[in-house]
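Down below is the structure, laid out as structure tokens.
The values are calculated or read from the model by the stated rules, or taken from the named source; none is laboratory data. Not measured: the values here are computed from a predicted model. Here the Cβ is made from the backbone with ideal geometry for all residues, glycine too, and neighbour counts use every protein chain on show.
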Amino acid sequence: MRARESVAVRRVDKVGDLLDRTGGGHGVTSSSSVIFRFVLAVLLISGAASAQTPSAAGSASAKAIYEQHCVQCHGLDGRGNGAAAPVLVPRPRDFAAAQFKLRTTETGSLPTDDDLIRTITYGVPGTSMPGWQKFLSTADIDSVANYIKTFSPRFAAERPQSIPAVAASVPGAPAANTVAAGKAVYEKLRCAACHGTDGKGTGAIATDLKDDAGRPLPATNLTEPWTFRGGATPQDVYLRFRTGMNGTPMPSFVDAANQTELRNLAAYVLSLGRKPVWDMTAEEVKAFYQAQAAEAARDPVRRGRYVVSTVGCSFCHTPVRDDGSLVDGMLFAGGQKWGAVPFGDFVSYNLTSDKDTGLGGWTDDQIKAAVTKGIRPDGSRMLPFPMPWPSYASLTPSDLTAIVAYLRTIPPISNRIPAPSRSNIVSYLWGKFQLLILKKDMPLLAYPGNAGSAGGV
Amino acid sequence: MKVRRVVKWTLGVVLVLAVVGFLAFLYFIPPFTLMAPETFSGPEIAAANAVKLEAITDPKTRALAERGKYIVVATGCVDCHAPPSAAGPDFARYMAGGLKNAVRGHGTFVSANLTADRESGLGRRTDEDVLRVLRSGVSADGGRLFWYRAMPWAWFANWTEEDRVAVLTYLRQIPAIAHKIPPATAEATITWDPTALEEGSTVDAGTTP
């Protein structure tokens, strides 16, 4: 259900969702609920067809739909520079660059309309791109696909070069010997250079991969097929080898291997897939978590990057512009000012490794004390907000060590952060009187801009 | 005469003490005194009191929920999803929502009720609806996007899908609390401080039936 599957399964998912909405409580999706959904879907298929979610924007222009649903990631001008874009991995697609990963066209070529429509309809697994079929009508999706094409002059000047129909339909049912043959292709094409000998990066030579815009883009972990951007059917995987993924280091192998070889390679890559936790038994889940912990201990920087990027440190520790967008290139440099009435103004600290103005001069223990106890290096204490250290107090010692290890790797940015400005005692007491006795609303205010010395936002 | 003087002085001292005491009370009353960090573990204790994971009979659900709990507590979901009060977050109504956050240009958002309540909580959402919010910030209500500074979904998008499912499993264990949350409104301006980008509130915006 989670990874992208065939259109038919997706439809069932959608019908299941519609049923769920009227149905009520649910556990985590399990295979039994899939069957349950499927049975109900078959029973009610005609009803579901008429229950197609009507688009709120049915008559709205494509531009209006784009601005309502797409701008936060892809940006007003389609450059993949929306407000939330700096923290998303992978970055949202830059439509102006017109480099599309998921195509049925030759390498370097533009995608077909159907390619764009497929991505908008079903989404991109392993990323934030959702499938919009539940919320937008097919007509809306068509018009948004056309609107996306207006961001790059390439669409007016070039025609997409579809791969030959015979090439597009190659994969058949994989047999045992195709997997073995595919392993030989994996070696021949040196897939291990990026994806590792085991498909999850072990022994990879190219560990510092970047996309065409120069941003870090880790190689896909081939043991987790539910994150395959283009889906995880043999056909989907084969197409990625055949067409390449424009804008990324993933090339097309059309000249390096024939169709049979690529089909076998797809079978081999899919044979590397492990069970996701939702399909595991209790024992397997526990063993998996233990293995993850051991891996985190081996590579704390990687674990720390994961914790920091998911907990949301950069939400506050990055300057924001007046429109609320994060300042790209200033991630973790601090400088967001928060006013906690009646306590005073607080500016988020510079978490980069800068010696003078960042964490470069702090010891590991000082960082840990600040994160989990709200104690600054000078011994002064933070309020339980805006820095939510009481929540971070529950971080495990190993995760704390990992976080510190990762923070040390953030390139230095000089941005001196002013000390908190406390309210004077009179307004402090008056504010607390209003808050506690008069029950007046005392706002927590977030200000745009960079209150640090680097300024310039 | 002497008695009157004693009474006068006594009353004066009592009055001064009362005023000083009241000011001291204002000064020190939590959460605005700084608790000893060694002893402060509000969010973790709140989670332990509210959700009894040891009661889960299915060992796999239990394992996933334990992982989800660690992520949810350390991420600080409760910082926004506890009902606010003048005395700080109301941890007793764990994850019942109601914290108002106004964002200039985007309107006013109220933190959702994440409890299992079928009427006002997460109990009315499908698994995929919840996962979609945590992955893409897309609301089940018409595909509207949560502004990422009201609901910081862009960071939760970086969870692996497996961790996201663990988070969902944990959220499903939170006991139901009926607490109706008003929908987001499209106010374009902020009322009390035009220089601020966002403003949180100390008043519970939800309603208990």
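A few points about this structure:
- Qualifying residue in the range B:113-127 (condition: closer than 26 Å to A:V307 by Cβ, at the interface with chain A (Cβ under 10 Å from one of its Cβ atoms), of a type outside the set (A, V, I, L, M) and not in a strand (DSSP E or B)): yes
- Taken across the range B:60-80, residues that are more than 7 Å from chain A (Cβ to nearest Cβ), assigned to a loop (DSSP other than H, G, I, E, B) and in contact with a Pro (Cβ under 9 Å, 6 or more places away or on another chain) do not occur at all.
- For the range A:157-173, residues that are touching a Lys or Arg at 6+ places or on another chain (Cβ under 8 Å) and either surrounded by 17 or more Cβ atoms within 10 Å (Cβ to Cβ) or at pLDDT 95 or above (or both) total 5.
Residue-wise test of (1) touching a residue at least 24 places away in the same chain (Cβ under 8 Å); (2) over 32 Å from the mean Cα position of the chain (by Cα); (3) crowded, with 19+ Cβ neighbours inside 10 Å.
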| position | (1), (2), (3) |
| --- | --- |
| A:Q366 | no, no, no |
| A:M387 | yes, no, yes |
| A:P390 | no, no, yes |
| A:A405 | yes, no, no |
| A:I425 | no, yes, no |
| A:W430 | yes, yes, no |
| A:L436 | no, yes, no |
| A:D441 | no, yes, no |
| A:A451 | yes, no, yes |
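- The residues on offer are A:L239, A:L217, A:L209, A:L222, and the sole one that is touching a residue at least 40 places away in the same chain (Cβ under 8 Å) and in contact with a His (Cβ under 8 Å, 6 or more places away or on another chain) is A:L222.
- Taking the conditions (1) in a loop (DSSP other than H, G, I, E, B); (2) modelled with pLDDT of 95 or more; (3) loosely packed, with under 14 Cβ neighbours inside 10 Å in turn, A:A184 satisfies each one other than (1).
- When A:S391 is tested against (1) more than 12 Å from chain B (Cβ to nearest Cβ); (2) in contact with a helix residue (DSSP H, G or I) (Cβ under 9 Å, 6 or more places away or on another chain), only condition (1) is not met.
- Restricted to the range B:148-183, and to residues there that are among the aromatic types (F, W, Y) and in contact with a Phe, Trp or Tyr (Cβ under 7 Å, 6 or more places away or on another chain), the residue that is farthest from the other protein chains (Cβ to nearest Cβ) is B:W153.
- Selection of the range A:402-423 for residues being over 30 Å from A:P342 (Cβ atoms), within 14 Å of chain B (Cβ to nearest Cβ) and not aromatic (F, W, Y) yields A:A402, A:I403.
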